[in-house]
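Visitor: A single structure is presented below for examination.
Any read-out appearing in this document is the output of simple, stated calculations on the displayed coordinates, not a laboratory observation. Just so it is clear, the model here is predicted, and its values are computed rather than measured. We place every Cβ from the backbone using ideal geometry, glycine too, and count neighbours over all the protein chains shown.
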Amino acid sequence: MKKKFAGIAFVLLSIAIMSVSAYVYEQGTLTVNQKVVDVVTLNLRTPLGLADLEEGQVGTYNEAGVITLETKKANVVLRLDSNIEGFAASSSASPYAAYSIVVSYSGGSVTLTPSSPDATFALGSPQLYTFDLAITATAKSGLGSDVPTGATIVVTAESP
């Protein structure tokens, strides 16, 4: 009789362990519901208007509607990762005394500079967002010839 009770207790214990394990697994999968998506990679290769800068000259390049992004959830977080830290005026390899990229959208704007080449911001309500770029560069004094340069911005989105 004791063996029968021990067997039944063992079976009930096994079922309890399976139930707890299934519950813990379900809770774990519910919390990992966040998605990170690569939206776009922008390769900016010496935009027109910046290619023929003379020394000390300031050039501006504007492009409207570079990215169009429709969000389905509120508070989607966008991250812009650029490689423009090499354009710092203190770098001897940089042809620029100043360089900035302003990314603007209906909810505001962010500025990328060599000292702050990345940005993270939240988009509010679900809607269609259109992003514009404005690049401003000032050529260094003593620049002997046109130096082709380019920047890359990787845009990723993370949903709540």
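Visitor: Between Asp132 and Thr156, what FRET efficiency comes out of the Förster formula 1/(1 + (r/R0)^6) with R0 = 22 Å and r the beta carbon distance, rounded to 0.05? Display every interim value, and only then the final one.
Guide: Values: r = 19 Å, r/R0 = 0.87.
The formula returns an efficiency of 0.70 here.
Visitor: Arrange the peptides 102-114, 118-130 so that the one whose residues have, on average, the most other Cβ atoms within 10 Å appears first.
Guide: 102-114, 118-130
Visitor: Right, next: How large is the charge dipole for segment 45-158, taken about the Cα centre, if only the Cβ atoms of Lys, Arg (+1) and Asp, Glu (-1) carry charge, to the nearest 20 debye?
Guide: Taking the Cα centre of segment 45-158 as origin, the dipole is about 320 debye.
Visitor: Using a Förster distance of 22 angstrom, determine the FRET efficiency expected from the C-beta separation of Val39 and Glu85, and round it to 0.05.
Guide: Step by step, r from the Cβ atoms, then E = 0.55.
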